[in-house]
1. Below 8 Å, C-alpha to C-alpha, sequence gap of six or more: please give me the relative contact order for the stretch 112-237 in percent.
2. Give me the net charge for the shell around P106: Cβ to Cβ below 10 angstrom, other residues only, Lys and Arg +1, Asp and Glu -1.
3. Normalised by the residues of the chain, what does the relative contact order come to in percent, with Cα pairs under 8 Å and at least six apart?
4. In whole Å, how far is the Cα centre of the stretch 186-221 from that of the stretch 225-285?
Amino acid sequence: MSNAPDVLLTTRLRNAQPALWTNAARQAHPPEHMQALGRTISLVDTHAAAHRLERFAGLLAQVFPELSATQGVVESALMPASALLPALGIPADAGKLFIKADHSLPVAGSIKARGGMHEVLEFAEQVALQQGLVSQGGDYRVLAEPAAREVLARYQVAVGSTGNLGLSIGVVASALGFKAAVHMSADAKEWKKERLRLRGVQVVEHTGDYERAVAAGREQAAADPLCHFVDDEQSFSLLLGYSAAALHLQKQLQSQGVVVDAQHPLLVYLPCGVGGAPAGIAFGLRQLLGPHVHCFFAEPVQSPCFMVQMLSDQAPHLGGHPSVYDWGLTNRTEADGLAVPRASLLAAELMKPLLSGVFTVQDATLFEHLVMVLDTLGERIEPSAAAGFSGPAMLTGTTAGQAWLQASGLDAVLHQATHLVWTTGGLLVPDAQYQTFVERGRALLAAKSSAT
């Protein structure tokens, strides 16, 4: 496979049509220690993030009643979902399907609970150790006591977000006693802003898109020495918090009898905004499970910032850090968490040898798949969380996908493959808002049915 961008691919990309890019630079055996933006990380860092979450489990169970049953562990189910295959147009002999149900993650209701929680906890740990609130190996539940909260209240945690990361950061930071500020773009949903305000979080609204909200938040935070800014574009703490999900997933796959090897590949489909969350998960999975894991990022046709970045890396004349606007796209999508014009360079650099590909999906398809998931499995997801469901059919039902399967040698073992769609949000969507999603999806499906 050539590294040069395919003319048909770039044409479809510019025309906001579903497209698939596959990574000819993927390495079956990437280095154990990987570099990105001048820092080296490895699976050791993923384990360190998981251990940090464990140290805080007792405190989390105390400040979040919804975590009492799990003793402070924030995790989601691995759901068998092969019943969805016919509705998705996937051949019966193309393997089995599972959902990693991060749409039901407690506390933040989305995948952002992973990275967002980890970064807030890492900052809290630094402050607590510096201020003598806890000792190494001590009980972190003391941070819920008034004296400790009085100290933490001197500090602020800020973030720029289109919604779900802001929810995660704001909810966790305020629960621990920090002041919290979330800089939100114009396309962020009103119900997310209101939910933050009810938690006592300062919501700062900005005209323009995600990129402008992040820039404004970063600038304001830089002026306050007691403010920690969570930078979704450059944060190793976020990325490693996401990567810890791979450790739990490995156990879940084993308990479900899922083998991952040359004869039983694992194909993972991850919705992608700026790229930090899917890159963290892909990093953890590749390092932990090896060469037979293939990760694909899913993006809206109008906001394919990661595909644009990967194409730029292949062809420098396209620009070093392009925006979707440079390709004539609007960055407008109902998948608000994925409405990002420019990818994280940290995520992009890390994914060069790890990622198998990126595909794009139309908004209409998101709503159709949202309804299919509801009707077949009874699960409520938001539009952005539906992006990954196009992945299996993109591989099995398109010329580009079939060519990749053949070139990768997976066509011969596809019937033994496991497809894993990672859903990313939905638990906290208000009923009225969710109902509008369902109505739109049903109308689209009905129109498609009548047309045929």
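Each value in this text was obtained by applying a stated rule to the coordinates, not by laboratory testing. None of these values were measured; they are calculated from a predicted model. Cβ placement follows ideal geometry from the backbone for every residue including glycine, while neighbour counts extend to all protein chains displayed.
1. Working: 215 pairs, mean separation 32.9, N = 126.
Value for the stretch 112-237: 26 percent.
2. Working: positive: none; negative: E66, E75.
It works out to a net charge of -2.
3. Numbers: 938 pairs, mean separation 98.2, N = 452.
Result for the chain is 22 percent.
4. The stretch 186-221 and the stretch 225-285 have Cα centres separated by 25 Å.
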